[in-house]
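Contents: one structure, followed by commentary.
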Amino acid sequence: MLPDIPRDRQLGILRKMLMIRRAEEHCIRFHEEHTGLIRGHFHVYIGQEATGVSVCDGLDKADYVFTTHRNHGHVIAKGGDPKKVLAEIIGRATGYCEGRAGTFHVAAPDIGIVHTSAIVGGCLALAGGTAYAAQMQGRKAITVVFFGDGAMEEGVFYEALNIAKLWQLPMIFWMENNYRRTGRGSGHAASELTNVPKALNVETMVIDGSEVGTVHQTAKELIRRVRAGDGPLFVEARTHLWPGNAFNMPKLVGGLTEIGWAWDSSKAPEKVRDWHKDADPILKYVRELESAGVSRAEIEKLDAEVQREADAAARFALESQLPEASSALNYAFAGKGN
């Protein structure tokens, strides 16, 4: 199902999804092809692009988004600059946070992403703060907080959800369940994760997070309702784990995504073939667009344009300077700035 929006916006969604995919592929290549370029662990948003892009397509610039350790995709989905995202990932002075945030904490206040937390559940209480502020100031801005199923095992999840419901805060709790934790044991006695918010009288729903049209339609309606005062609301968006995320560090187990696999999945490497055929949100969306009359040539041209832009963003990041050592204490104290 395609989102009920003009054709140019449908293609705009594909462009952002592709940009996230290509930027995240570069992130992995930064680690695989260089030594010490990414210091420590990192996570990518591959396989969940339909959720972040479709939700953010319905938001205004003044709306807030809070995110997690898979933040790169959400920042780009909200309108972030891929050059500054990739530069921040490798600690460059040209990054969104001038190299201080690295891969885990990319923030872009100018587009409503005032903070990112890699601490599991760490963004939930902060999201409640911006929702409360908007409510007290009488603004129509809403807050969407993205998190994974693991965050629902943290006390801050219950506290944020409870206070949001008590005060009817303008929030959407958007849980992205990629089943990364399958087989590792669950910290929940609930048979369904949605039973938890239901216990606090928060309206919930479960959707296929890999279907652009489903996510877009759901987000549009929930955003409308929350602006009208019906918040908070809870969504579980279910996706399928990308094979490259099944390791301690993300790996390009099947190489770079080829858009042609949308029409002939047999050409994809065996390790990722089934995922690209049945679960890849980008290739699923490509097939839907083609069925609606968008030509393969137009889709391939769009992908080529995005690849060039992503390649340029990666070069920009790699060629950017590291922060000056003398700037290490800048922003360390309130009011001191730079």
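For the reader, a short list of remarks on this structure follows.
- Pairwise centroid distance, computed over Cα atoms, of region 145-176 with region 33-89, Å: 20
- Taking only protein heavy atoms and a 1.4 Å probe, the accessible area of the chain is 51% carbon and sulfur.
- Note on Ile119 and Asp230: their simple-model spin labels are 3.4 nm apart, each label 7 Å out from Cα toward Cβ.
- Low-density loop cleavage sites - trypsin sites (Lys or Arg not before Pro) in region 288-338, where at most 12 other Cβ are within 10 Å (DSSP): Lys336
- Charge dipole of the chain about the Cα centre (unit charges at C-beta), most positive-ward option of Ala133, Val85, Ala23: Ala133
- Accessible surface, per residue, of the chain when the full set of protein chains is kept, probe 1.4 Å, Å²: 44
- Label of the coordinate-derived value, mean projected area of the Cα convex hull in nm², listed as [x] 15.1; [y] 17.5; [z] 18.4: [y]
- Rounded to the nearest 20 debye, dipole of region 71-145 from Cβ charges on Lys, Arg, Asp, Glu: 120
- Beta bridges per DSSP with both ends in the chain, % antiparallel, nearest 5: 5
- Using R0 = 22 Å, the C-beta based FRET efficiency linking Ile163 and Lys140 works out to 0.60.
- Relative to the current alpha-carbon distance between Thr35 and Ala297, full extension at 0.36 nm per residue lengthens the span by 90.5 nm.
- With the simple model of a label 7 Å out from the Cα in the direction of the Cβ, Arg7 to Ala325 spans 5.9 nm.
- Given charges at beta-carbon only (K, R positive; D, E negative), |dipole| of the chain in Debye: 440
- Stretching Asp278 away from Lys251 to a fully extended chain increases their span by 7.7 nm, per 0.36 nm per residue minus the current alpha-carbon distance.
- Restraint check, Lys83/Lys267; Lys140/Lys165; Lys165/Lys198; Lys78/Lys140, Cα-Cα greater than 22 Å: Lys83/Lys267
- Taking each DSSP H run with n ≥ 4 as -39500 (n - 2.57) and averaging over every residue of the chain yields -13500 deg cm²/dmol at 222 nm.
- Contact order normalised by residue count of the chain, Cα under 8 Å, 6+ apart, percent: 22
The values are calculated or read from the model by the stated rules, or taken from the named source; none is laboratory data. Keep in mind the model is a prediction, meaning the values are calculated, not measured. In this analysis, Cβ positions are derived from the backbone assuming ideal geometry, glycine residues included, and neighbour counts consider all displayed protein chains. The protein model used for the area step is the full one, side chains on, heavy atoms only, and it has no ligands, DNA or RNA in it. Shrake-Rupley method; radii C 1.70, N 1.55, O 1.52, S 1.80 Å.
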